[in-house]
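Taking it in order: structure first as C-alpha cells, then the write-up.
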Amino acid sequence: MKKVLMIAASAAFVLGISGLTATDSNAAAWSKCKACHNFTAKKKVGPGLAGVFGRKAGADPKFKYKYTKYGSDWSWDEAHLKKWMCNSKKAIKEFTGNKKAKTKMPAQKICDPAKQDEVIAKLKAS
C-alpha cells in the first residue's frame, strides 16, 4: 500500500502539482524525471539513472522491476527511450511483445523530439 501511495503521489507531482508541465517551455524536459529519479546511481522512487543509457533494461540490481517477468531483452538506446518517454504504458507492451505487460512508471508524455533529445543528452551525461 505504501508503494502505491508513493507512486500516486509522484505521478500527481509529475503531472502538474509541481508546476512543471509538458508545455512549460522554461522547464528542462528532464525536470519531470527528477520527481522519481536521481541522475546518479542512488534510488529514489524509481532507480537511479546514472549509466542507464546503453544498459540492458531491468538490469539495475538495486531495483525490482515489474516488467522483467514479461521479458526485458532490450537495452536503453535512443529508440527505446523515446518510445518510453512518450508512453511507457504502451511501450512496455511493444518491447516485451506481451499485451498484458505493465510498468510502475506513469506515462510521461514527453513526445516532442527536441525534448526527448534533451532528456537523452542528460542521460548520456549521467
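Where a number appears in this text, it was derived from the coordinates with a stated rule and is not lab data. A quick note: this is a predicted structure, and the numbers were derived from the prediction, not measured. Cβ atoms come from the backbone with ideal geometry, glycine included; neighbour counts cover every protein chain shown.
Across the cross-link table entries K44/K64; K43/K100; K90/K122; K44/K99; K32/K64, which are compared at the Cα atoms, the separations over 19 Å belong to K43/K100; K90/K122; K44/K99; K32/K64. Dipole size of the range 24-126 about its Cα centre, with +1 on Lys/Arg Cβ and -1 on Asp/Glu Cβ: approximately 660 debye, rounded to the nearest 20.
Would you mind estimating how fast the range 62-114 diffuses translationally, via Stokes-Einstein at 25 °C and 0.890 mPa s with the Kirkwood radius over Cα pairs, in µm²/s? Rounded to a whole number, D works out at 216 µm²/s.
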